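The values are calculated or read from the model by the stated rules, or taken from the named source; none is laboratory data. Everything quoted here is computed from the prediction, not taken from an experiment. When we count neighbours, we look across all protein chains shown, and the Cβ atoms used for this are built from the backbone with ideal geometry, even at glycine. Side chains are part of the model used for accessible areas, which takes the heavy atoms of the whole protein and leaves out ligands, DNA and RNA. Shrake-Rupley method; radii C 1.70, N 1.55, O 1.52, S 1.80 Å.
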Amino acid sequence: MSSKNKLLTMLILGSGAAASMALINKYIQISASGKNILEDSESLCYRWRFGNIHYQRTGNGKPLLLIHDLASSSSSYEWNSVVRPLSEHFTVYTIDLLGCGRSEKPNMTYTNYLYVQLICDFIKSVIGRRTSVITSGSSASLALMACSSNSNLFDSLFFINPDSLLSCSKVPGKSAKLYKFILDFPIIGTFIYHIACSRQNLQQLFMNEYYENPFSVKGSIVDAYYEAAHLGKSPKSLYASIACHYTKCNVINALKKIDNSIYIVGSQWISDMEERIEEYRKYNPAVESTMLTQGKQLPHLECPSQVMQAVHTYLY
């Protein structure tokens with residue numbers, strides 16, 4: 001009887017803990033999206049085969065597709081400060097990638113090839129002509145691979161602070177697969193994700209990595225990222241895929257292959273950015289670049305005027 005009582009007690013305590021976690025998860029999801037910062041009456045929907053993709057179209061002129069950084073808290077909100085000036089010269093498309101922002105977030109493993117398909121299909125089905133692309137952070141590898149697979153869809157490629165080629169080539173290891181297995185659990189995995197993407201952690205990310213000047217981080221921007229991280233059916237699925245390197249891909253052969261114009265804008269406040277640019281030039285000597293004296297990982301949010309100067313130099 002004693003062992004049975006202990007087992008029963010453990011089951012009761014375990015059930016209570018699981019129920020508490022489930023309630024906390026539900027509360028976080030509801031409270032994080034309560035401000036409706038990302039709501040936009042002009043948002044359009046591309047019904048892609050793996051899920052609905054939200055996007056916006058602004059302005060007139062040559063098409064220009066803006067692809068935000070690939071992170072579970074990212075969305076097209078990232079481009080808010082540059083869309084209006086860009087739309088004076090281009091037809092600007094801003095897209096929420098699958099698993100991000102207001103687009104659908106199915107419970108699946110997200111891969112580099114999945115996003116390559118999305119970008120190519122979006123250009124063919126929605127834009128319908130050769131398109132220049134501006135990417136942020138790790139999304140540069142997506143555009144490189146997409147251009148390599150179908151260069152006729154692309155005009156110029158413009159990368160803001162792209163990942164190093166070594167970072168792009170990481171592959172899932174045993175520990176990564178175990179971590180993804182844990183994150184895939186409905187309650188405990190969601191609880192871990194909510195801790196990782198808490199508002200406090202996102203604010204620290206902005207102050208330490210995203211912005212050069214931590215005092216210029218606005219609460220409204222952190223709120224927008226916090227909301228984006230908790231919208232949808234399964235936001236943790238993209239987080240798990242990124243953390244375990246399923247979205248990575250060796251892009252060296254693609255970089256060698258394509259002859260589209262490539263421009264890199266890097267921040268001098270990222271310690272190895274000059275080395276990253278030289279890596280890209282090593283495999284494609286035609287790569288052009290410039291270094292920004294202000295801003296860090298997200299200069300288009302922190303100091304948009306500097307980014308606009310670079311865009312004016314390379315794309316106009």
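I'm trying to understand the selection: among the residues of region 92-111, which are farther than 10 Å from Ser76 by Cα and open to solvent by 10 Å² or more (accessible area, probe 1.4 Å)?
Residues satisfying the conditions are Glu104, Pro106, Asn107, Met108, Thr109, Thr111.
Against the conditions (1) open to solvent by 20 Å² or more (accessible area, probe 1.4 Å); (2) of a type in the set (A, V, I, L, M, F, W, C); (3) in a helix (DSSP H, G or I), where does Leu202 fall short? Just the number, please.
(1)
What is the one condition in (1) touching a Ser or Thr at 6+ places or on another chain (Cβ under 8 Å); (2) assigned to a helix (DSSP H, G or I) that Leu178 does not satisfy?
Failed condition: (1).
Within region 33-55, take every residue that is under 17 Å from the mean Cα position of the chain (by Cα) and within 26 Å of Arg199 (Cα to Cα) and give me the one that is modelled with the lowest pLDDT.
Residue satisfying both the conditions and the ranking: Leu38.
Restricting attention to region 154-163, does a residue exist that is at pLDDT 95 or above, farther than 28 Å from Leu292 by Cα and in contact with a strand residue (DSSP E or B) (Cβ under 8 Å, 6 or more places away or on another chain)?
No: zero hits.
Which of (1) at pLDDT 95 or above; (2) not in a loop (DSSP other than H, G, I, E, B) is the odd one out, the single condition Leu70 does not satisfy?
Evaluating Leu70 over (1) at pLDDT 95 or above; (2) not in a loop (DSSP other than H, G, I, E, B) leaves (2) as the failure.
Only one residue in Val311, Val251 is aliphatic (A, V, I, L, M) and over 30 Å from Lys180 (Cβ atoms). Which one? If you could, list the steps in order and put the result at the bottom.
Numbers: Val251 fails: over 30 Å from Lys180 (Cβ atoms).
Exactly one of Val311, Val251 is aliphatic (A, V, I, L, M) and over 30 Å from Lys180 (Cβ atoms), namely Val311.
Is it the case that some residue within region 98-121 is touching a residue at least 60 places away in the same chain (Cβ under 8 Å), over 23 Å from Lys236 (Cα atoms) and over 16 Å from the mean Cα position of the chain (by Cα)?
Checking region 98-121: at least one residue is touching a residue at least 60 places away in the same chain (Cβ under 8 Å), over 23 Å from Lys236 (Cα atoms) and over 16 Å from the mean Cα position of the chain (by Cα).
Right, Tyr210: open to solvent by 10 Å² or more (accessible area, probe 1.4 Å) and at pLDDT below 95 or not?
no
Go through the residues of region 301-310 one by one and say whether even a single one is open to solvent by 60 Å² or more (accessible area, probe 1.4 Å) and without any contact (Cβ under 8 Å) to a residue 40 or more places away in the chain.
Here is the first cut: in region 301-310, the ones open to solvent by 60 Å² or more (accessible area, probe 1.4 Å) are 305, 309.
Restricting the remaining residues to those that are without any contact (Cβ under 8 Å) to a residue 40 or more places away in the chain gives 305, 309.
Checked region 301-310: at least one residue is open to solvent by 60 Å² or more (accessible area, probe 1.4 Å) and without any contact (Cβ under 8 Å) to a residue 40 or more places away in the chain.
Among the residues of region 277-296, write down those that are at negative phi and surrounded by 21 or more Cβ atoms within 10 Å (Cβ to Cβ).
If we filter region 277-296 for residues that are at negative phi, which is where we start, we get 277-294, 296.
Selection gives Ile277, Tyr280, Leu292, Lys296.
Identify the residue in region 207-233 that is touching a helix residue (DSSP H, G or I) at 6+ places or on another chain (Cβ under 6 Å), touching a residue at least 40 places away in the same chain (Cβ under 8 Å) and assigned to a helix (DSSP H, G or I) and, among all such residues, is nearest to Asn112 (Cα to Cα).
My answer is Tyr225.
Tell me whether region 90-99 contains one or more residues that are assigned to a helix (DSSP H, G or I) and among the aliphatic types (A, V, I, L, M).
No, region 90-99 contains no residue that is assigned to a helix (DSSP H, G or I) and among the aliphatic types (A, V, I, L, M).
Here are Ser125, Ser156, Ser164: which of them is within 18 Å of Asn284 (Cα to Cα) and surrounded by fewer than 17 Cβ atoms within 10 Å (Cβ to Cβ)? Please lay out each step first, then the result.
Numbers: Ser125 fails: within 18 Å of Asn284 (Cα to Cα); Ser156 fails: surrounded by fewer than 17 Cβ atoms within 10 Å (Cβ to Cβ).
Result of the check over Ser125, Ser156, Ser164: Ser164.
Hey, can you tell me all the residues within region 234-263 that are open to solvent by 10 Å² or more (accessible area, probe 1.4 Å) and in a strand (DSSP E or B)?
Selection gives Tyr263 alone.
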